[in-house]
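The values are calculated or read from the model by the stated rules, or taken from the named source; none is laboratory data. This structure is a prediction, so every number in the text was calculated from the model and none was measured. Note: ideal-geometry Cβ built from the backbone for every residue, glycine included; neighbour counts use all protein chains shown. Surface areas here come from the heavy atoms of the whole protein model, side chains and all, with no ligands, DNA or RNA. Shrake-Rupley method; radii C 1.70, N 1.55, O 1.52, S 1.80 Å.
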Amino acid sequence: VESAQLRNKGEETADFSSFHIRRGDFQFKEAKIEVSSIIESVGHLIIKNELIYISTDESDLSFLKPFTDMGLTVKTLKDYLSPKELKRLPNPDWVGMIEQVICSEGRVFVGTYWSTFTGYIMRMRGYKGLAKKSYYALPKFRDKMLTNDERRKGA
(Lines give C-alpha, C1' and ligand atoms only; values in the text may rest on other atoms or scores of the structure.)
Protein backbone atom coordinates (compact mmCIF):
# COMPACT_ATOMS: atom_id res chain seq x y z
CA VAL A 1 0.00 0.00 0.00
CA GLU A 2 1.32 3.39 -0.87
CA SER A 3 0.09 6.23 1.29
CA ALA A 4 -0.31 8.15 -1.96
CA GLN A 5 -3.38 5.99 -2.62
CA LEU A 6 -5.02 7.91 0.21
CA ARG A 7 -4.27 11.32 -1.34
CA ASN A 8 -5.90 13.31 -4.10
CA LYS A 9 -3.88 13.02 -7.30
CA GLY A 10 -1.18 15.64 -7.56
CA GLU A 11 -1.75 17.13 -4.11
CA GLU A 12 1.02 17.49 -1.57
CA THR A 13 -1.21 17.35 1.49
CA ALA A 14 -3.11 14.25 2.49
CA ASP A 15 -6.86 14.18 2.27
CA PHE A 16 -7.13 11.70 5.10
CA SER A 17 -6.45 11.76 8.80
CA SER A 18 -4.89 8.86 10.64
CA PHE A 19 -5.23 7.25 14.04
CA HIS A 20 -3.35 4.65 16.03
CA ILE A 21 -5.78 3.17 18.53
CA ARG A 22 -4.04 0.65 20.76
CA ARG A 23 -6.30 -1.90 22.42
CA GLY A 24 -5.21 -5.50 22.97
CA ASP A 25 -2.87 -6.20 25.87
CA PHE A 26 -1.65 -2.62 26.27
CA GLN A 27 -0.32 -2.28 29.81
CA PHE A 28 -1.50 1.33 30.22
CA LYS A 29 -5.21 0.83 30.89
CA GLU A 30 -5.81 4.59 31.12
CA ALA A 31 -4.92 4.92 27.44
CA LYS A 32 -7.48 2.32 26.39
CA ILE A 33 -10.46 4.61 25.84
CA GLU A 34 -13.67 4.26 23.88
CA VAL A 35 -13.98 5.79 20.43
CA SER A 36 -16.70 8.12 21.73
CA SER A 37 -14.13 9.58 24.17
CA ILE A 38 -11.58 9.92 21.36
CA ILE A 39 -14.15 11.80 19.28
CA GLU A 40 -14.96 14.04 22.25
CA SER A 41 -11.25 14.85 22.61
CA VAL A 42 -10.21 15.31 18.97
CA GLY A 43 -13.38 15.28 16.87
CA HIS A 44 -13.02 18.99 16.17
CA LEU A 45 -9.81 18.23 14.23
CA ILE A 46 -11.59 16.00 11.71
CA ILE A 47 -13.13 17.37 8.52
CA LYS A 48 -16.71 16.40 7.75
CA ASN A 49 -16.90 13.30 5.50
CA GLU A 50 -13.14 12.83 5.75
CA LEU A 51 -11.49 9.47 5.17
CA ILE A 52 -9.72 8.26 8.28
CA TYR A 53 -7.13 5.52 8.32
CA ILE A 54 -6.95 3.58 11.57
CA SER A 55 -4.13 1.36 12.69
CA THR A 56 -5.35 -0.80 15.54
CA ASP A 57 -4.75 -4.16 17.16
CA GLU A 58 -8.47 -4.49 17.96
CA SER A 59 -9.92 -7.51 16.17
CA ASP A 60 -13.58 -6.42 16.51
CA LEU A 61 -13.71 -3.42 14.23
CA SER A 62 -17.33 -2.70 15.17
CA PHE A 63 -15.85 -0.58 17.97
CA LEU A 64 -15.08 2.00 15.24
CA LYS A 65 -18.81 2.55 14.54
CA PRO A 66 -18.90 5.99 16.24
CA PHE A 67 -16.58 7.25 13.46
CA THR A 68 -18.86 5.98 10.69
CA ASP A 69 -21.87 7.37 12.58
CA MET A 70 -20.20 10.80 12.13
CA GLY A 71 -20.21 10.28 8.35
CA LEU A 72 -16.51 9.45 8.17
CA THR A 73 -15.12 6.78 5.88
CA VAL A 74 -13.03 4.41 7.99
CA LYS A 75 -10.25 2.35 6.44
CA THR A 76 -7.75 -0.11 7.91
CA LEU A 77 -4.91 -1.99 6.27
CA LYS A 78 -7.31 -4.87 5.59
CA ASP A 79 -9.19 -2.59 3.18
CA TYR A 80 -6.06 -2.31 1.03
CA LEU A 81 -4.34 -5.67 1.45
CA SER A 82 -6.11 -8.99 1.68
CA PRO A 83 -5.02 -11.59 4.26
CA LYS A 84 -3.47 -13.51 1.36
CA GLU A 85 -1.43 -10.45 0.29
CA LEU A 86 -0.35 -9.81 3.87
CA LYS A 87 0.89 -13.42 4.14
CA ARG A 88 3.01 -12.91 1.00
CA LEU A 89 5.07 -10.20 2.67
CA PRO A 90 8.67 -11.44 3.05
CA ASN A 91 8.50 -10.58 6.76
CA PRO A 92 5.26 -10.37 8.79
CA ASP A 93 6.84 -7.70 11.01
CA TRP A 94 6.64 -5.33 8.06
CA VAL A 95 2.89 -4.87 8.62
CA GLY A 96 3.51 -2.54 11.54
CA MET A 97 6.10 -0.56 9.61
CA ILE A 98 3.73 -0.19 6.65
CA GLU A 99 1.03 1.13 8.96
CA GLN A 100 3.43 3.57 10.60
CA VAL A 101 4.36 5.03 7.22
CA ILE A 102 0.69 5.39 6.27
CA CYS A 103 -0.20 7.02 9.59
CA SER A 104 2.74 9.40 9.30
CA GLU A 105 1.22 10.83 6.11
CA GLY A 106 -2.17 11.83 7.51
CA ARG A 107 -3.32 15.45 7.44
CA VAL A 108 -3.84 15.04 11.19
CA PHE A 109 -2.60 12.13 13.29
CA VAL A 110 -4.06 11.03 16.62
CA GLY A 111 -2.12 8.43 18.54
CA THR A 112 -2.09 6.46 21.76
CA TYR A 113 -0.04 8.04 24.54
CA TRP A 114 2.62 5.71 26.01
CA SER A 115 2.71 3.62 22.82
CA THR A 116 6.12 3.21 21.18
CA PHE A 117 4.28 2.50 17.90
CA THR A 118 2.65 5.93 18.10
CA GLY A 119 5.98 7.39 19.24
CA TYR A 120 7.70 6.41 16.02
CA ILE A 121 4.84 7.84 13.94
CA MET A 122 5.20 11.09 15.89
CA ARG A 123 8.94 11.07 15.17
CA MET A 124 8.40 10.60 11.41
CA ARG A 125 5.79 13.37 11.40
CA GLY A 126 8.28 15.62 13.14
CA TYR A 127 10.83 14.96 10.39
CA LYS A 128 8.17 15.91 7.84
CA GLY A 129 7.20 19.13 9.63
CA LEU A 130 3.85 17.72 10.76
CA ALA A 131 4.40 17.70 14.53
CA LYS A 132 1.91 20.52 15.06
CA LYS A 133 -0.83 18.42 13.46
CA SER A 134 -0.10 15.44 15.70
CA TYR A 135 -2.14 14.70 18.81
CA TYR A 136 -2.88 12.08 21.43
CA ALA A 137 -6.35 10.65 22.05
CA LEU A 138 -6.20 11.11 25.83
CA PRO A 139 -7.45 14.63 26.59
CA LYS A 140 -4.78 15.41 29.19
CA PHE A 141 -2.02 14.65 26.66
CA ARG A 142 -3.84 15.71 23.48
CA ASP A 143 -1.74 18.80 22.73
CA LYS A 144 1.59 17.46 23.99
CA MET A 145 3.24 18.03 20.59
CA LEU A 146 2.44 21.76 20.67
CA THR A 147 4.58 24.34 22.40
CA ASN A 148 3.26 26.04 25.54
CA ASP A 149 2.59 29.21 23.53
CA GLU A 150 0.64 27.26 20.91
CA ARG A 151 -1.41 25.53 23.61
CA ARG A 152 -2.31 28.89 25.15
CA LYS A 153 -3.32 30.26 21.74
CA GLY A 154 -5.35 27.13 20.94
CA ALA A 155 -3.33 26.18 17.82
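How long is the gain from Ser37 to Lys78 if the chain were fully straight, where each residue apart is worth 0.36 nm and the alpha carbon distance is subtracted?
12.3 nm
Against the chain, whose longest principal axis is taken from its Cα atoms, helix 116-127 shows a tilt of about 70°. Between the residues Leu72, Ile52, Thr118, the greatest Cα displacement towards the positive end of the dipole of the chain, with unit charges on the Cβ of Lys, Arg, Asp and Glu, is found for Thr118.
The apolar share of the surface of the chain, taken as the fraction of accessible area on carbon and sulfur atoms (1.4 Å probe, ligands and nucleic acids excluded), comes to 51 percent.
For Val74, the residues whose modelled amide H falls within less than 5 Å of its own, excluding neighbours fewer than 5 places apart on the same chain, are Ile52. Under the combined filter of DSSP loop state and at most 12 neighbouring Cβ atoms within 10 Å, region 44-130 retains these trypsin sites (Lys or Arg not before Pro): Lys48, Arg88, Lys128. Once the 1.4 Å probe is applied to the protein heavy atoms, the chain comes out at 58 Å² accessible per residue. Just check region 45-138 against the gyration tensor rule for me: Cα atoms, a ≥ b ≥ c as the square roots of the eigenvalues, rounded for a/c under 1.5, and otherwise prolate or oblate depending on whether a/b exceeds b/c. The shape class here is oblate. Taking 0.36 nm per residue of separation and subtracting the current Cα-Cα distance, fully stretching the chain between Met70 and Lys140 would add 22.9 nm.
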